[in-house]
Structures are given as structure tokens and as C-alpha cells.
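See structure below.
The values are calculated or read from the model by the stated rules, or taken from the named source; none is laboratory data. The structure displayed is predicted, hence computed values, not measured ones. Glycine gets a Cβ as well: all are built from the backbone with ideal geometry, and neighbour counts include every protein chain shown.
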Amino acid sequence: MSASVAELVERFGAGFVPDVAPPYDLRALCRRLGRVPGPLPELPPRIQVRILEPTGPRRVDAEPAAVFGVIDGIQPPSRVACWRGGRPVGLLYVAAGCLEPASGAARAREERLLLVVSHLDETWARELGSGVPIAVVRERYPAELVSAISELHRRLRHRLERDVLGAVRAAGRLVVVDGHLRDVAPGAGAVAGVVKAHPRQYLGDEREIANLGEGELSTPFLLPAARDGEADRFSAYLRLHRAEDAEWPHGLIRLETTDEGLLEPVASWALVSRQGPSAGPRWPVHLASTAYCETWLRSRVPPILS
């Protein structure tokens, strides 16, 4: 019998007598469930969007889009090269690249290797004469330096990805980015993004997303530009793999495009390009061409940092 949360608190609160006295046989429960219980996901923040037509899920039956290139970026964990007076000296590497999805031919690449030091250690770092570019930050205390190195690492990767996008989109062909398009400017040409994580809620009723079948696209919606210099984004969820016996995000990606008419052709291309089952935990939401681009970039990481 269903009940409100308040009623359940009363029912299972003081004076509760269980049907079966503890200790409970949780191993038997897990065997019957076929899995070990995981954490309950937090409810994502709700983002205001404009729902577009047609509403409701639909099978993807468009011709796959012709994709000129796939862009991805990597940032292997930054390392502490040494300590100077209790201050960390960071060594970081970031890279971004674009590959032609069918042949794997390189379209563009950017990579950076940096030694990151406090301004207190600049003279020492330059006297090393290593030839590695040196990034000097204002911070001087260990916790501040760790935060600055991490922030530089993250933002530099994002910048290189956008530089690669700027280099290849001039060709006037469709480019697919691994991630969102929040920073893509208006008039950027044909660009699509593939978002694999779902930390925000866009649809008021997400039952439609949870019930998406393999190869189905959700109701499309518009994400209006949040600030000047940002483009409107058209978006929809796509189920790459069946998820009847898995958690609701299994095989679920969210597409973003600069043109509403690109949503279904890009979805069709994503279905053709989806990665098959593998040992990697990300395979249900990974595209084979993106995985190949990432592998290519990681092959260039200096061995001491890999």
C-alpha cells in the first residue's frame, strides 16, 4: 500500500516491529537482485528550456549526417615535479585534436606541456634550462597552488578544444564535439555536441527519458543563450543501447546542435558510430570515432606522465 513520506516516517519510526528480525541476509537479497546496491543519484538542478515540436519520443530514421571531423581533448592528471619550500611545482599536459571519423585522418591538433610554478620560484625554474614552457602563477601557498594548477589544467584543455574547433569549422562542414556547445558563438557553422553525463534536468517530466528505447530520440528542446556571444542550442536525448535491465542513464546521451534540423541526422550518425560492448566502463555512451580520437591523443602523452 502506497503512502506519503510523512506517513512512512510514522510507520517506520518509533515502535516499528519488522516482519523479519535482524540481522538481515543482504547477500541473499543481492543475489536475487542480481547486483550490489549503488548510491541514489542526487536530483539534478532544473534548467528552463523551450519545448519544441514534435513532442514525445520517436524512432530515428533520418539519413546519417556526413561528419567532417570529431573533436576530443585529454588532460592526464597533472604531476608534482618537485617541492620548493613546501610549494608544489606542477607539470601538466593537455591536448585536443580532430579526426576524420571514417578514415581516422588527422584534421587538426593542439597540445601543451607546461611547468607551473609560483612567482616565488620563477627564477629557479628558468635557470633549469629544460626548454619546457613555464607558466608563472600569483599564488604562493600550497593549497592555493594546487587549486591554480588544477584550474589552469581544466581551462587550458577547454581552450585547446575550442581552438581546434575554430580551425576546422572554417571548412563549412559538420563537426562533432565531445561535450556541450555552451561556448560556441553564433554563426559557428554546423556543429554538434555529444554530452555523456547528465548533471542537469531539462525536461519537466523525465519519465520520457527513462523510457526511451534503443534508437529513440526524445522531445527536442531549445536551450536559449545565457549570455552575449553564446549561441542558442537545440537538444534532445538519444538512447544508444537498450537499458531495460540497467540504470536509466545506460546508453543515454544528449545531443546539442547549432541547427534544429541537424538533431535527427546527427542522432542517426551517432547510432551508426556507437561503440559496442567492451571492458571500458564508458562504452554504452561512447562513440567509436571519439574513442579513437582519444586513443590517438593519449598515444602522444609523454611516457613519464602517462
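Of all the strands (runs of 3 or more DSSP E) wholly in the range 106-195, which have at least 3 residues that are more than 24 Å from Trp269 (Cβ to Cβ)? Spell out the reasoning first.
Values: elements: 106-118, 134-137, 174-178, 191-195.
In the range 106-195, the matching strands (runs of 3 or more DSSP E) lie at 106-118, 134-137.
Residues of the range 221-260 being assigned to a loop (DSSP other than H, G, I, E, B) and either in contact with a helix residue (DSSP H, G or I) (Cβ under 6 Å, 6 or more places away or on another chain) or at pLDDT 95 or above (or both), which ones? Talk me through it step by step, then tell me what you get.
Kept after step one, since they are assigned to a loop (DSSP other than H, G, I, E, B), are these residues of the range 221-260: 224-232, 240-251, 258-259.
Within the range 221-260, Leu240, His241, Trp248, His250, Gly251 qualify.
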*asked:* Which numbered condition in (1) hydrophobic (A, V, I, L, M, F, W, C); (2) at pLDDT below 95; (3) within 20 Å of Glu110 (Cβ to Cβ); (4) surrounded by 17 or more Cβ atoms within 10 Å (Cβ to Cβ) is the only one that Ala188 fails?
replied: (4)
*Would you mind stating whether Pro54 is part of a loop (DSSP other than H, G, I, E, B) and not assigned by TED's automatic domain parsing to the domain that holds Asp205?*
no
*Does at least one position in the range 150-168 carry a residue that is more than 16 Å from the chain's Cα centre (by Cα), more than 17 Å from Asp72 (Cα to Cα), among the hydrophobic types (A, V, I, L, M, F, W, C) and buried (at least 16 other Cβ atoms within 10 Å of the Cβ)?*
yes
*Please enumerate the residues belonging to the range 210-220 that are touching a Pro at 6+ places or on another chain (Cβ under 6 Å) and not in a strand (DSSP E or B).*
Leu212, Ser218
*Say whether the condition of being surrounded by fewer than 17 Cβ atoms within 10 Å (Cβ to Cβ), at negative phi and aromatic (Phe, Trp, Tyr) is met by at least one residue in the range 239-249.*
yes
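On the given criteria, is Leu115 farther than 20 Å from Leu174 by Cα and in the same structural domain as His180 (by TED's automatic domain parsing)? Give the derivation first.
Working: farther than 20 Å from Leu174 by Cα: yes; in the same structural domain as His180 (by TED's automatic domain parsing): no.
Answer is no for this residue.
Of the residues Gly280, Gly261, Gly215, Gly204, which single one is in the same structural domain as Cys98 (by TED's automatic domain parsing), over 15 Å from the mean Cα position of the chain (by Cα) and either farther than 25 Å from Arg109 by Cβ or without any contact (Cβ under 8 Å) to a residue 12 or more places away in the chain (or both)? Steps first, answer last, please.
Working: Gly261 fails: in the same structural domain as Cys98 (by TED's automatic domain parsing); Gly215 fails: in the same structural domain as Cys98 (by TED's automatic domain parsing); Gly204 fails: in the same structural domain as Cys98 (by TED's automatic domain parsing).
Matching residue, one of Gly280, Gly261, Gly215, Gly204: Gly280.
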*Which of the residues that make up the range 50-102 are more than 30 Å from Ile134 (Cβ to Cβ) and of a type in the set (Lys, Arg)?*
Arg50, Arg58, Arg59
_Among (1) among the small types (Gly, Ala, Ser); (2) in a helix (DSSP H, G or I); (3) within 19 Å of Ala190 (Cα to Cα), the one test that Ala291 misses_ = (3)
